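Written out below as C-alpha cells is the structure these notes cover.
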Amino acid sequence: MRRPTTVEVMLLSAIGLWALNLTVSRYILTHGFQPLAYSTVRYGLAGAVFVVIALVAERSLRIARRDLAFVFAAAFVLWLNQIGFVYALSSTSASVIALILGATPIFAALIGLAFGTETLPGRFWLGAALSFAGVALVALGSGGAFSGDASGIAWGLLTAATWAVYSILITPLMRVYSPSRISAVVLPLSWVGIAIVGLPQTRSQDWQLGWEVWVLLVFATLGPLVVTNVLWFRSLDRIGASRATLATNLQPFAAALVAVVLLGERIDLVQILGGVLIGVGILAARRRSPVPPGE
C-alpha cells in the first residue's frame, strides 16, 4: 500500500480540522456560550495570533492604499459570515449546516458571474439546479417544510454565500500579500464589528462555562482558523489549486459524519439525498476550483 505523501497528509489534516470545527462550535454554543460572545472571543484571539505570526515572519502589516478597498470589503463580508456562522450553529444541527455549506462553490461561481469574472457553461446551470435542489431537501429533511430550523438554514445559506464573496474579494490581495498578512489585517477589522454588535451578549455572558468549553474554544481558534491556514496554503503552493481544492468536496460530508458520531445528531434519508445532490451538482458544474470552506 502506498504511503500518503506529505501534501496529502496536510490536505487531509486541514479538511479534518474544518470538519471538526462545526461540531466543536455547535457543542460550545449549546453549552453556555452566547453566539456573538463566542465569536468575539474566538476572532479576537485568532486576530492576535495572526498579528504575531505576520510581525515575526514579515515584520510588517503594511497594505498599499490601492488595496484598502478590498481589505475593508473583505472585513465587512467576513463580519457578516461570522454572524451567519454562529447563529446557524446555534439554531440548527451541525450536520445540516455542513451539508448546506457544501453549496459554497456554487455561490462562488454565481457571484463570479455577477462580477463578470466568470463565464459559465451550460452544464453549470444543471449543476446549480441540482445543488440548490439538494439544499432544499436538506431543509425539508430538518423537520418539514421550513419548520423550527428555518432560521438556522437561512443563516447557513448566508454563511455559504458570504464565504464565497470573501474568497473572491481576497483573491487580488493573495497576488500581493501573504495569507498571514491578509489574516492579520482582515481578521482584526472584522473583530471590531463583531465586538461592537456582540457587546450586549459579551457583557451578559456567564463565563463559568467549565474547562471543556474553554479547551474546545482554544481548539476552534488555533485549529480551524490558524493551523488550517498554514496547511491549506502550503498545499496550494506544492500541488496547485485545482488538485488541492478537489479534496475540499469531502469536507461537508466529513463534517456531517463527525456531527452524527460525536454529537449524536440524526440525518435522515432525505437529508442524505440532499447532500449527495449538492455534491453531484458541484461536480457537474465544475469549471473552476471551488472555494475552500472555512470558518
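The values are calculated or read from the model by the stated rules, or taken from the named source; none is laboratory data. Owing to the predicted nature of the structure, the values given are computational and were not obtained by experimental measurement. Neighbour counts run over all protein chains shown; Cβ positions are idealised from the backbone, glycine included.
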What number of residues in segment 162-177 are modelled with pLDDT of 85 or more and of a type in the set (A, V, I, L, M, F, W, C)? 2
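One line per residue, one yes/no per condition, for (1) in a loop (DSSP other than H, G, I, E, B); (2) among the polar types (S, T, N, Q); (3) over 18 Å from the mean Cα position of the chain (by Cα); (4) under 15 Å from residue 45 (Cα atoms):
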site: 168; (1), (2), (3), (4): no, no, no, no
site: 186; (1), (2), (3), (4): no, no, no, yes
site: 207; (1), (2), (3), (4): yes, no, yes, no
site: 217; (1), (2), (3), (4): no, no, no, yes
site: 225; (1), (2), (3), (4): no, no, no, yes
In this structure, does residue 240 turn out to be surrounded by fewer than 19 Cβ atoms within 10 Å (Cβ to Cβ), at pLDDT 70 or above and on the phi > 0 side of the Ramachandran plot? no
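The rows are residues; the columns are (1) closer than 20 Å to residue 36 by Cα; (2) surrounded by 20 or more Cβ atoms within 10 Å (Cβ to Cβ); (3) in contact with a helix residue (DSSP H, G or I) (Cβ under 7 Å, 6 or more places away or on another chain); (4) modelled with pLDDT under 85.
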{"site": "179", "(1), (2), (3), (4)": "no, no, yes, yes"}
{"site": "182", "(1), (2), (3), (4)": "no, yes, yes, no"}
{"site": "187", "(1), (2), (3), (4)": "yes, yes, yes, no"}
{"site": "190", "(1), (2), (3), (4)": "yes, yes, yes, no"}
{"site": "200", "(1), (2), (3), (4)": "yes, no, no, no"}
{"site": "205", "(1), (2), (3), (4)": "yes, no, yes, no"}
{"site": "228", "(1), (2), (3), (4)": "no, yes, yes, yes"}
{"site": "244", "(1), (2), (3), (4)": "no, yes, yes, yes"}
{"site": "262", "(1), (2), (3), (4)": "no, no, yes, yes"}
Can you name the number of the only condition in (1) closer than 28 Å to residue 262 by Cβ; (2) assigned to a helix (DSSP H, G or I); (3) in contact with a helix residue (DSSP H, G or I) (Cβ under 6 Å, 6 or more places away or on another chain); (4) not β-branched (Val, Ile, Thr) that residue 74 fails? (1)
Please determine whether any residue of segment 23-32 is within 22 Å of the chain's Cα centre (by Cα), at pLDDT below 95 and not in a helix (DSSP H, G or I). yes
Given (1) within 24 Å of residue 91 (Cα to Cα); (2) surrounded by fewer than 17 Cβ atoms within 10 Å (Cβ to Cβ); (3) among the polar types (S, T, N, Q), where does residue 159 come up short, assuming only one miss? (2)
Residue count for segment 33-64, restricted to those that are under 21 Å from the mean Cα position of the chain (by Cα), assigned to a helix (DSSP H, G or I) and surrounded by 16 or more Cβ atoms within 10 Å (Cβ to Cβ): 16
